[in-house]
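Values quoted throughout were computed directly from the atomic coordinates according to the rules given, and no laboratory measurement underlies them. Because the structure is predicted, anything quoted here is derived from the model rather than measured. All Cβ positions, even for glycine, are placed from backbone atoms using ideal geometry, and neighbour counts span all protein chains on display.
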Amino acid sequence: MGAKSMMNMAVLMLLLGVTVVTAAMSHDYGDALTKSILFFEGQRSGKLPSNQRMNWRKDSALRDGSDIGVSGYVFPCIFKHAVHKFAQWFCMLDLQINI
């Protein structure tokens, strides 16, 4: 690669980096997190707590699988645990990178 090509590549990488940083600074991550949590609260099944923020959402899937003797709670519980563990791993990875 010639010197001119290397210089063009360096300028391109610099501009790309500035664009990424500028785009990241313009987002409201707190608002996105709040909306994400609200979305996941709306997706819950089973007996919902009395302080449920979505008034239109009621208890659901309370007897799923009871006709064949299977608990309908097992798969949502496993999924919740897997997502929680992934979030823990991701946060720990982020801390290791930023330290």
Practice item. Note down the nm distance, to one decimal, between modelled labels 7 Å out along Cα→Cβ at His84 and at Leu16. Key: 3.9 nm
Practice item. Using a Förster distance of 35 angstrom, determine the FRET efficiency expected from the C-beta separation of Ser36 and Arg63, and round it to 0.05. Key: 0.75
**Study point:** Phi to ³J(HN,Hα) by Karplus 6.51 cos²θ - 1.76 cosθ + 1.60 over the stretch 45-57, Hz, x for Gly, Pro
**Key:** 10, x, 6, 8, x, 5, 8, 4, 6, 9, 4, 6, 8
